[in-house]
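The values are calculated or read from the model by the stated rules, or taken from the named source; none is laboratory data. Everything numeric here is computed off the predicted structure, so don't read it as measured data. Here Cβ is always computed from backbone atoms with ideal geometry, including for glycine, and neighbour counts include all displayed protein chains. Only protein heavy atoms, including side chains, enter the accessible area calculation; ligands, DNA and RNA are left aside. Shrake-Rupley method; radii C 1.70, N 1.55, O 1.52, S 1.80 Å.
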Amino acid sequence: VIEAANARVLAGHTGAVNSVAFSPDGARLSTASEDKSARVWNAATCELVHTLNGHTDAVFAAPFSPDGNVIATVSADLTPRLWDARTGICTHRLLGHNIAVFGVAFSPDGGVLATTSYDETIRIWQTATGNCLHVLEGHSDIVYGAAFSPDGRLLATVSGDGTARLWNLGTGACLRVLTGHTGIVSAVAFSPDGALVATASFDGTARLWEVATGNCMRILNGHTDTVWSVAFSPAERVVVTASEDATARVWDAVSGNLIRTLEGHTDSAFVVAFSPDGRLIATASSDTTVRLWDAGT
């Protein structure tokens with residue numbers, strides 16, 4: 001742990017840190033890295049709890065299930081894995097994708113998870129068994145990320161084809177295609193009330209979309225390079241983005257105005273996440289560190 005003037009820094013990975021996520025109770029953090037591992041940390045002390053070893057290539061993401069008992073990892077080795085978050089033991093390998101698996105998200109009740117892949121598909125899996133339930137097809141390039149709506153009825157996905165899509169999980173039908181970005185769309189998040197979707201793009205912007213209509217409501221301009229990640233605060237209409245320009249930016253989701261810029265990473269900021277209470281912001285970077293920021297200051 002390195003104490004910086006404006007953040008706590010978690011150091012230990014030997015490669016770029018591709019993702020960071022809080023456990024539902026905010027007590028732990030998970031990170032995923034190019035060093036082929038995922039790690040679990042104590043959020044209060046920043047001490048290492050588990051190292052999840054087993055993947056044979058870069059690990060791109062490692063979120064917790066909503067009850068905090070399972071961690072899902074996705075990797076360039078083609079095989080998503082499910083782990084017991086308490087013991088660090090791998091419980092399932094999910095077989096089906098035939099190219100690198102880039103993104104993963106749990107449904108709000110934790111019963112299913114979605115994985116996204118370079119094979120241009122999204123797969124829906126049963127968490128308890130590891131069985132594949134559905135394959136969603138429609139994107140024409142790499143599917144980078146996915147997010148479930150708060151009620152679990154919709155799935156939003158983003159792709160190298162420059163679009164985001166909204167899917168009905170009951171039928172598997174694509175409801176809307178969100179077009180407007182001029183580059184790869186790299187990340188997606190729902191607002192806590194489910195009314196908005198935020199997307200991040202290689203075009204250097206983030207966009208806020210109305211779920212009911214598919215209309216673009218705001219364009220967040222300010223980053224000077226690819227925007228890799230976007231997250232809503234659980235407590236208020238605030239959005240944070242992370243960028244190749246090594247900064248994270250905090251935005252007012254209503255007005256689209258920039259509130260503040262978080263500077264400190266020495267290389268690309270890949271992922272941003274809020275703690276469940278909205279008081280902390282975590283950023284993960286290719287400089288091999290994670291930083292924890294006070295969201296209020």
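Taking the structure as given and computing semi-axes √(5λ) of the Cα gyration tensor in Å, which label from (1) 46, 23, 22; (2) 25, 24, 17; (3) 51, 38, 16 fits?
Answer label, from the structure shown: (2).
Whole number in Å², please: accessible area per residue of region 1-111, 1.4 Å probe, ligands, DNA and RNA not counted.
39
Of Leu136, Leu78, which has the most accessible area and how do the rest follow, probe 1.4 Å?
Solvent-accessible surface, decreasing: Leu78, Leu136.
With a sphere of radius 10 Å drawn around the Cβ of Asp67, what net charge do the other residues whose Cβ falls strictly inside it have (Lys, Arg +1; Asp, Glu -1)?
-2
At q = 0.19, 0.21 Å⁻¹, what is the base-10 log of I(q)/I(0) for region 147-297 according to the Debye formula with one equal point scatterer per Cα and no solvent? Please give it to two decimals.
Evaluating at q = 0.19, 0.21 Å⁻¹ gives log10 I(q)/I(0) of -1.11, -1.32.
Cα centroids of region 236-297 and region 198-225: how far apart, whole angstrom?
The distance from the Cα centre of region 236-297 to that of region 198-225 comes to 16 Å.
Given H placed on each backbone N at 1.01 Å, which residues far from Asn131 in sequence or on other chains put an amide H within less than 5 Å of it?
Gln126
Over the chain, what percent of the accessible surface lies on carbon and sulfur atoms, probe 1.4 Å?
Its accessible area is 47 percent carbon and sulfur atoms.
Work out the length of the dipole vector of the chain about its Cα centre, built from +1 on the beta-carbon of each Lys and Arg and -1 on the beta-carbon of each Asp and Glu, and round it to the nearest 20 debye.
Dipole size: approximately 400 debye.
Nothing charged except the Cβ atoms of Lys and Arg (+1) and of Asp and Glu (-1): what's the magnitude of the dipole of region 121-222 about its Cα centre? Round to the nearest 20 debye.
In total the dipole reaches around 80 debye.
Count charges around Gly222 for me, please; just the other residues with Cβ under 14 Å from its Cβ, Lys/Arg as +1, Asp/Glu as -1.
-2
What range in the chain is the longest one free of GluC sites (Glu not before Pro) that are in a loop by DSSP and have at most 13 other Cβ atoms within 10 angstrom?
48-235
Have a look at Trp251, Ala187, Val112 and report the one farthest towards the positive end of the charge dipole of the chain, computed about the Cα centre with Cβ charges (Lys/Arg +1, Asp/Glu -1).
So the residue we want is Val112.
What is the distance in Å between the Cα centroid of region 4-47 and that of region 49-116?
Comparing the Cα centres of region 4-47 and region 49-116, I get a distance of 16 Å.
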